[in-house]
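Here is the structure we will look at.
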Amino acid sequence: MNSPESPARPSPLAGVLAIDPYKPGKSSAPGTAKTFKLSSNETPLGASPHALEAVSKHAALEIYPDGQATKLREALAARYGLDPARIVCGAGSDELISLVTSAFVGPGDEGIFTTHGFLVYRIAILAAGGIPVVAPEKNLTADVDAILAAVTPKTKIVFVANPNNPTGTYLPFSDIKQLSASLPSHVLLVVDAAYAEYVTHNDYSPGLEIALGSENVVMTRTFSKIYGLAGLRLGWCYAPLHVADAINRIRGPFNVSGIAQAAGIAALADGGHIDKAVAHNTTWLAWLEREITSLGLPVTPSAGNFVLIHFKDANEARAADAFLTSHGLILREVSAYGLPQCLRLTVGLEEANRLVVEKLATFLKTKGR
Ligand SMILES: Cc1ncc(COP(=O)(O)O)c(C=O)c1O
């Protein structure tokens, strides 16, 4: 029986309704003969053939997977010299971001991320009932002083994507060390290194060294980017034991499928495939940055496998997006990141990269630029 003051239907938590649902990049360009999906930072080289083989050989779909992902954690531990007990695997690093937030952020607690930081942080904090706090960036780059200035007694978690999506900017390891050393010890620092494998700068580190010796630093990684397993949903994190324990208490008991575990182990063992992907990206990222800049479109120098292209204004970016889509080139509009004047382009295969530059040149001509 409804009491007179009870609402007419169940209502979600206020924080849930404050979330703008995550809008993935477009994946189709209707009416075009051939499309190039350059909107979600997926690798153009696909997954390792060994991972594909592991997937095709995976039988026993009726059997639950190993809920601890034991062999995968052991393979990751061996690959990076880590303690497997401190590794937690998830259905993409997105899941781990949500889980760690739910475990450490409650109603009224604050979580910090930066102006153009990856959108999932905001979603995870709101979903946990927390208050998202945005720390300003400098030159589209996270700023350690601004993050520290945003810390209050209510702060429970700080997210830094390194490199960040969609800007492609990164913090040198010295900055991450300074941030970690300056944060109060009860604040969890999550270093999201989804694009770590692509970074070739000498002053960069994914953050393992500080995660190793710290009680409040978590590093998240993914198999979705350079490993080419985005469709399987597989990520992992390296966390202090007490944090790993908290995540393990709240995650789904079988959150990573057996197929994903088998593919991850095989992908990890195929170093040659990763080397190829890094070489391809290094060459074509530099080429795209150079060619697009020489068209008169500034780009933000990127450490990842994508590049942020700046147009005159939001109208021009929208028009460019429509023009490129009409030629089968699917880029990512990034207005949800506060960058409506930009488009994000994932590094593709040679054919796609050359076509983007050619069509951007045509587009600019139509604009008299
Ligand atoms: C910075 C960053 N972190 C995390 C993710 C999530 O990746 P996944 O959930 O596929 O592991 C992405 C995906 O775009 C990303 O760009």
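Quick notes on this structure:
- Residue in region 99-112 that is over 20 Å from Asn216 (Cα atoms) and within 16 Å of the ligand (Cβ to nearest atom) present: no
- Of the residues screened, Ala322 is one that is at pLDDT 95 or above, aliphatic (A, V, I, L, M) and open to solvent by 10 Å² or more (accessible area, probe 1.4 Å).
- Qualifying residue in region 283-300 (condition: closer than 30 Å to His58 by Cβ, in contact (Cβ under 8 Å) with a residue 24 or more places away in the chain and within 16 Å of the ligand (Cβ to nearest atom)): no
- Enumeration of residues in region 230-278 that are open to solvent by less than 50 Å² (accessible area, probe 1.4 Å), over 29 Å from Phe104 (Cα atoms) and either charged (D, E, K, R) or within 11 Å of the ligand (Cβ to nearest atom) (or both): Asp270
- Any hit, region 55-64, residues being open to solvent by 50 Å² or more (accessible area, probe 1.4 Å) and in contact with a His (Cβ under 8 Å, 6 or more places away or on another chain): no
- Where helices (runs of 4 or more DSSP H) fall wholly inside region 1-95, the ranges with 2 or more residues that are within 16 Å of the ligand (Cβ to nearest atom) and at negative phi are 70-80.
- Residue match in region 4-12 (condition: among the polar types (S, T, N, Q) and either open to solvent by less than 30 Å² (accessible area, probe 1.4 Å) or closer than 22 Å to Ile250 by Cβ (or both)): no
The values are calculated or read from the model by the stated rules, or taken from the named source; none is laboratory data. Please read these numbers as outputs of a predicted model, since none were measured by experiment. Here the Cβ is made from the backbone with ideal geometry for all residues, glycine too, and neighbour counts use every protein chain on show. These area figures cover heavy atoms from the full protein model, side chains too; ligands, DNA and RNA do not enter into them. Shrake-Rupley method; radii C 1.70, N 1.55, O 1.52, S 1.80 Å.
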